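Each remark here refers to the structure printed beneath this line.
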Amino acid sequence: MSATPPVLEVLPRDLSAYRQGNVGIDYVHRFESGRPGPHVLINALTHGNEFCGMVAACELLDRGVRPLVGTLTVSFANVEAYESFNADKPFESRLLVHNLNRIWAPEWLDGGQDSPELRRARALRPVVAAADHILDIHSTAQPVAPFWVYPAFERNSRVALAIGRPSVHMVMPQGLGSGTPLIQHGRHGDSASDAGAAMVVECGQHFLRATSDLATGVTRDFLAHFGLIEGRPAAPGPQRRYELLETRVIKTLEFAFARPLIGFEVFAKGELIATDGPDEIRAPCDECTILMPARSVIAGREAVYLTRPIADQPQ
């Protein structure tokens, strides 16, 4: 399933200058305006090889961006995985032991297991809990159109639609189905809570310069939307939204897609998408659109997201 090695237009930079934060947690920096306003968290490197978030976070810190109102927190999450990057194996520094974006539930955070990711999530728990609004910056293994990912709460869709880029949305009515991501930790995963928006932005292929450029732009749009910096996003164009139906996880080393996929391919109801040992994965509906197909076969990792277009697309 592995494709041609990617072109590495963006590589890691030394983050040691940002190790000592100002809230008692490594790689976490908080800036208070002294004026009323929301607390916005910009989170980078939830996965160690997703460099666009690193570029966007460094841009804020390098330029000395400070909030006009409220509070800005900038964090680098899985720096241990990031520092393990090997250009000959660029996808392997995604994580060390656990997926840092699937362990934000009490059974993981309060459980007895240990790993670099669990230790980091436990350290970051008060950082995530303190934020009103969260932008968690990610990228994709394949060069596909950028897209938002968020629980199907009106507070999330309102912000994504107002910002307008990316113009594609993956909306999760029932969560991810393969663990609890950072954006659904605590009150941010509760539709009835007073939490603000919490969303992932998938900015494009990990190592492309355009991906980092988009991450930087969306970060500024997000901060401007909440009034923390000056600026206003461009008027949004047509938007495409998809509803997550199922998340399939690889069960066997015999997993294989029925044809090469990179994402956003469309299948008719009943059409074969993949086989996993004796099991078949078939499209549950017409216009079944697949997102994030696995690049390599690793048992226990996500295989593919099965989605369908949401009928009432905003214009």
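The values are calculated or read from the model by the stated rules, or taken from the named source; none is laboratory data. None of the values given here were measured: they were computed from a predicted structure. Cβ: placed from backbone, ideal geometry, glycine included. Neighbour counts: every protein chain shown. Each accessible area value is taken on the protein alone, full model and side chains, heavy atoms only, with ligands, DNA and RNA left out. Shrake-Rupley method; radii C 1.70, N 1.55, O 1.52, S 1.80 Å.
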Expressed in nm to one decimal, what extension gain is obtained for the pair ASP14 and LEU61 from 0.36 nm per residue of sequence separation less their Cα-Cα distance?
15.6 nm
Shape category assigned to the range 139-287 from the gyration tensor of Cα positions, a/c cut at 1.5
prolate
Shape call, the chain: gyration tensor on alpha carbons, a/c limit 1.5:
prolate
Taking 2.2 N^0.38 Å as the expected size of a compact globular protein, what ratio does the Cα radius of gyration of the range 95-204 give against it, to two decimals?
1.07
TYR242 neighbourhood, Cβ < 13 Å, K/R = +1, D/E = -1, net charge -3
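Stretch GLU287-LEU96 to full length: gain in nm at 0.36 nm per residue minus the Cα-Cα span?
Length difference between fully extended and current span is 65.2 nm.
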Return the distance in nm (one decimal) between the two label points of a simple spin-label model at THR252 and LEU272, each offset 7 Å from Cα along Cα→Cβ.
1.3
Mind giving me the FRET efficiency for ALA130 and SER296? R0 is 30 Å, r the Cβ-Cβ distance, nearest 0.05 is fine.
0.25
accessible surface per residue for the chain, probe 1.4 Å, DNA/RNA/ligands not counted, whole Å² -> 43
Take ASP88, ASP14 and sort them by solvent-accessible surface of the protein heavy atoms, 1.4 Å probe, largest at the top.
ASP88, ASP14
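Around TYR305, with a cut-off of 10 angstrom between Cβ atoms, what is the net charge of the other residues, counting Lys and Arg +1 and Asp and Glu -1?
Taking every other residue near TYR305 into account, the sum is -1.
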In degrees, nearest ten, helix 116-130 long axis to first principal axis of the chain (Cα):
60
Stretch gain in nm, segment GLU280-GLU107, where the contour uses 0.36 nm per residue and the Cα spacing is subtracted:
59.2 nm
Defining a contact as two alpha carbons under 8 Å apart and six or more residues distant in sequence, what relative contact order in percent does the chain show?
18
Accessible carbon and sulfur surface of the range 245-291 relative to its total accessible area, %, 1.4 Å
53
Please work out whether the range 1-142 counts as rounded, prolate or oblate from its C-alpha gyration tensor, where a ≥ b ≥ c are the square roots of the eigenvalues and a/c under 1.5 means rounded, while otherwise a/b larger than b/c means prolate and anything else oblate?
oblate
Say each of GLU230 and ARG119 gets a label point 7 Å from the Cα, pointing the same way as Cα to Cβ; how far apart are those two points in nm?
4.4
With a 10 Å radius around each residue's Cβ, average the other Cβ atoms per peptide and rank 224-230, 135-141, highest first.
135-141, 224-230
Under the definition of Cα pairs under 8 Å and six or more residues apart, what whole-number percent is the relative contact order of the range 23-165?
30
Kindly rank 209-222, 44-57 from highest to lowest mean number of other beta carbons found within 10 Å of each residue.
44-57, 209-222
Taking the Cα centroid of the range 1-78 and of the range 260-308, what is the distance between the two, rounded to the nearest whole Å?
32
Taking 304-312, 30-38 and ranking on average Cβ neighbours within 10 Å, highest first, one gets 304-312, 30-38
